[in-house]
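Structure, as structure tokens:
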Amino acid sequence: MEKVNLAEKLASFDEVFSPRIVGYYNDDKIQVGKARGDFVWHAHPDTDDFILVLAGRLTVETRTEAVELGPGELVVVPRGVEHRTRADEGAEILLIEPRGTPNTGDADAEPAAELEI
């Protein structure tokens, strides 16, 4: 077992939309990330998308609705649903997704590298 301090991990990088792996849960990667502005529209055809806000405010948009999240709030975007995140003032988030899942899903955009910290 290894204790993980999420605040320390988040303080170790500044890049937005480039989550870092802080641990693994079964075959899933647990990541922390920073968001500011709009992310690309994308979907994950084979997996749900778990997003928990640690600090700041984040809006998760689909083509039909928008969910606003604050610290301690989460949403699960069902597999196959096109979505994007938006953080006008910035947000720190925790993500859980299967290993090898690109953060850009099926979008024609360069995914972030899977970096462990």
Open item on the list: Going through Gly37, Gly23 one at a time, which residue ends up being assigned to a strand (DSSP E or B), free of Cβ contacts under 8 Å to residues at least 24 places away in the same chain and open to solvent by less than 50 Å² (accessible area, probe 1.4 Å)?
Closed with: Gly23
Task: Ala43 vs. criteria out of contact with any strand residue (DSSP E or B) (no Cβ under 6 Å at 6 or more places or on another chain), over 18 Å from Glu114 (Cβ atoms) and surrounded by 14 or more Cβ atoms within 10 Å (Cβ to Cβ) - done: yes
TODO: Within the range 56-72, identify whether any single residue is in a loop (DSSP other than H, G, I, E, B) and touching a residue at least 24 places away in the same chain (Cβ under 8 Å), and answer yes or no.
DONE: yes
TODO: Report yes if Thr85 is on the phi < 0 side of the Ramachandran plot, part of a strand (DSSP E or B) and among the hydroxyl-bearing types (Ser, Thr, Tyr), otherwise no.
DONE: yes
Task: Residue check for Val53: part of a strand (DSSP E or B) and in contact with a Leu (Cβ under 6 Å, 6 or more places away or on another chain) - done: yes
Open item on the list: Quick test for you: out of Val60, Val40, pick the one residue that is aliphatic (A, V, I, L, M) and in contact with a His (Cβ under 9 Å, 6 or more places away or on another chain).
Closed with: Val60
- [ ] Please identify the pairs in which a residue from the range 74-102 that is under 20 Å from Leu6 (Cα atoms) has its Cβ atom under 6 Å from the Cβ atom of a residue that is part of a strand (DSSP E or B) and aromatic (Phe, Trp, Tyr), counting only partners at least 6 apart or on another chain.
- [x] Ile96/Phe50
- [ ] Identify all residues within the range 1-20 that are open to solvent by 90 Å² or more (accessible area, probe 1.4 Å) and in a loop (DSSP other than H, G, I, E, B); write none if there are none.
- [x] Met1, Glu2, Lys3, Asp14, Glu15
- [ ] Take the range 48-68 and flag every residue that is open to solvent by less than 50 Å² (accessible area, probe 1.4 Å) and touching a Gly at 6+ places or on another chain (Cβ under 9 Å).
- [x] Asp49, Leu52, Val53, Ala55, Gly56, Leu58
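The values are calculated or read from the model by the stated rules, or taken from the named source; none is laboratory data. Small disclaimer: the values here were computed from a predicted structure and weren't measured. Every residue, glycine among them, receives a Cβ derived from its backbone with ideal geometry; neighbour counts consider all protein chains shown. We work out accessible area using only protein heavy atoms, side chains counted, and drop any ligands, DNA or RNA first. Shrake-Rupley method; radii C 1.70, N 1.55, O 1.52, S 1.80 Å.
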